[in-house]
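The values are calculated or read from the model by the stated rules, or taken from the named source; none is laboratory data. Quantities reported herein were computed from a predicted structural model and do not represent experimental measurements. Quick reminder, even Gly has a Cβ in these numbers, built from the backbone with ideal geometry, and neighbours come from all protein chains shown.
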Amino acid sequence: MIGLLHQPLMENWWRSFMDVMLGSFDVYLSLEAEARVLDIYQPHVVPGLFQTGDYAAALDRIYFPNDSEEDKRRRIELKLRRQRIITRKSRPVAVTLVLHETVLRTIVGGPAVMAAQLSHLADLSTRPNITVRILPFAAGLPVGIPAGPYVILDFADEPKGLAAPTIVYVENLTGDMYLRGEGDVKQYRLVSAIIRRAAMDEVSSRLLLRQLAKEYRRGR
């Protein structure tokens, strides 16, 4: 893994949040901070890079029921600071995000929270470095089987023209996987291409996000 092979170029600001991280999530944060391109598929939940504070807090209240108020606050601060890599003015990370329609219709924190979250996604999708597309229910199972969440991380070339290896990050309940094998990366790139082809285009996806946000505001 890049962050373990040499010292990251980015400041490891997240070290002060280690006490509120799960497992070795700092390893992933180190990789994410070094990446130039992220290809994300998420069939269940809005990924952390795109979550509003209220959406994140609603999830944390369930997943970390015994957290103190200070720990809750710091978890949200960690997530929001992490998001700067996609919103900063200088060389923001390029992201292609595909969300399954399930994510938009699974209510987290109530209609008001969902309205703000979907509007936030729509607004972010207007940035030149961010693409957000929706895989609709009507697309069925484009891969032939249910595809779990993943992130494909691509990195800038290292000194002397050596390209840093692509890494596929797969998160699950029992532990994270970092895949670097040529066969694994090739397979995930193929899956990603299939999912993107089956997804709605950027404009239609943005319109759906804004439409559903309005419906949530009306308390559908």
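Data table
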item: G183 vs. criteria surrounded by fewer than 19 Cβ atoms within 10 Å (Cβ to Cβ), over 20 Å from the mean Cα position of the chain (by Cα) and touching a residue at least 60 places away in the same chain (Cβ under 8 Å); result: no
item: Criterion: among the charged types (D, E, K, R) and touching a residue at least 12 places away in the same chain (Cβ under 8 Å) - qualifying residue of R105, R73, R88, R84; result: R105
item: Considering residues of segment 13-47 that are more than 21 Å from P165 (Cα to Cα) and among the polar types (S, T, N, Q) only, the residue modelled with the lowest pLDDT; result: S16
item: Matching entry among L207, L141, L190, L212 (being assigned to a loop (DSSP other than H, G, I, E, B) and more than 17 Å from the chain's Cα centre (by Cα)); result: L141
